[in-house]
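Here is the structure we will look at, set down as structure tokens.
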Amino acid sequence: MRRRVVAWQLAMLALVPAAARAQGQLADCAEQDATACGRRHFEAGTRAFERGDYAEASVEFQTALAQRPHRVVRFNLALSLLRIGRPSAALAELAQVLSDPATEKELHDRATREQRSAEQALSRITFRLSDPTRERVELDGKLVDLAVGQELLLDPGNHHVRVISNSSVVLDQELDLGPGERIELRVGERSRRIDVVVVPVAPVVVPPVAKPSPAAAARSESKPLTPTWFYAGVGATVALTGLTVWSGIDTNKAYSRYQRDLPELTQAAADDRVENGHARERRTNLLLAGSLVCGAGAAVLGIWFVDFSGKSSATVGLAPGHIAVSGRF
């Protein structure tokens, strides 16, 4: 979620006159009123931040800060600097916000959170020199005075590192550091071999995931069925449908015979014929229901459970009194 900058109305609550242009920055305003000039650049910076142009926002906030220094303007400048990959500069601005006794509690809390984010975004380099008395380190063209085991904090991005032993350059390398990346440069004793070791960051603690229910686990571990099950369902549906048709025809024939023989039948014989006809109707209805259920089951198997691309094999054999199904599933 994108964090929003603090509104100008809060910044206008306690604007104080600037004794001089901050850090030598001169505003390009034509107005003589520094407050109006600062407000114009502040609003321009806010619009740039909201549309994601953080580089332009940082320039506008710096100009506004040069006109009228204020903790809210400084906080918004820190946000912009952090988002263009300059966490060290953002930390410098946030430190001034946090040290300002006039900073409101809400702004202080937000600045503290952003300070932690900026610290985590810094890249870190540690130098392990074989002889610190003879070896010097240059970082981006500047000599670095290193204590034993000292860790350098840098903005992420490209940096030029040189290690010089007496008058010999033993390392001259470009390093592309990512946010939060830690590396260690080790200089060997006589071989002058340089080892670049990427130091793993602290593991991220992942919250535990709720254990799935046994039913869900069973579903997730079940394997797709082979097409044999689908074909068996279709075959059973066809067989039941054929029996249903035969039963319907048989029931219709029995009814026709009953109508033909009714004038000659006694009451007891007629009752027997009627009871037999009802039994045939129940049989037909049961076969019809079975064929519908079997057809629906075959359709469900074919759509959701059967893997038609699998290579499993199966055989169906007929034996006296039973059907045998075997195969690899």
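Across region 131-179, what is the total count of residues that are in contact (Cβ under 8 Å) with a residue 24 or more places away in the chain, among the acidic types (D, E) and in contact with a Gly (Cβ under 9 Å, 6 or more places away or on another chain)?
1
For region 112-141, enumerate the residues that are more than 18 Å from G180 (Cβ to Cβ), surrounded by fewer than 17 Cβ atoms within 10 Å (Cβ to Cβ) and β-branched (V, I, T).
T112, T133
Could you list, in sequence order, the residues of region 142-178 that are in a loop (DSSP other than H, G, I, E, B) and surrounded by 16 or more Cβ atoms within 10 Å (Cβ to Cβ)?
L146, D155, P156 - these are the residues of region 142-178 that are in a loop (DSSP other than H, G, I, E, B) and surrounded by 16 or more Cβ atoms within 10 Å (Cβ to Cβ).
Starting from region 82-97, keep only residues that are within 14 Å of P179 (Cα to Cα), then list their pairs with residues that are among the aromatic types (F, W, Y) whose Cβ atoms are within a distance under 6 Å, requiring at least 6 positions of separation or different chains.
Close Cβ pairs (under 6 Å, with a partner that is among the aromatic types (F, W, Y)) amount to R83/Y54; I84/Y54.
What number goes with the only condition from (1) more than 31 Å from the chain's Cα centre (by Cα); (2) modelled with pLDDT under 90; (3) surrounded by 13 or more Cβ atoms within 10 Å (Cβ to Cβ) that P17 does not pass?
P17 satisfies every listed condition except (3).
What tally of residues in region 235-282 results from selecting those that are among the hydroxyl-bearing types (S, T, Y), surrounded by 13 or more Cβ atoms within 10 Å (Cβ to Cβ) and either without any contact (Cβ under 8 Å) to a residue 24 or more places away in the chain or within 30 Å of L301 (Cβ to Cβ) (or both)?
Of the residues in that region, 6 qualify.
Got a sec? Which of L81, L98, L77, L94 is closer than 24 Å to L153 by Cβ, under 28 Å from the mean Cα position of the chain (by Cα) and part of a helix (DSSP H, G or I)? Write out each step before concluding.
Working: L98 fails: under 28 Å from the mean Cα position of the chain (by Cα); L77 fails: under 28 Å from the mean Cα position of the chain (by Cα); L94 fails: under 28 Å from the mean Cα position of the chain (by Cα).
It is L81.
Since R39 meets every condition but one in (1) part of a helix (DSSP H, G or I); (2) without any contact (Cβ under 8 Å) to a residue 12 or more places away in the chain, which condition does it not meet?
(2)
The values are calculated or read from the model by the stated rules, or taken from the named source; none is laboratory data. Quantities reported herein were computed from a predicted structural model and do not represent experimental measurements. Neighbour counts are summed over all protein chains in view; Cβ atoms, including those assigned to glycine, are modelled from backbone coordinates with ideal geometry.
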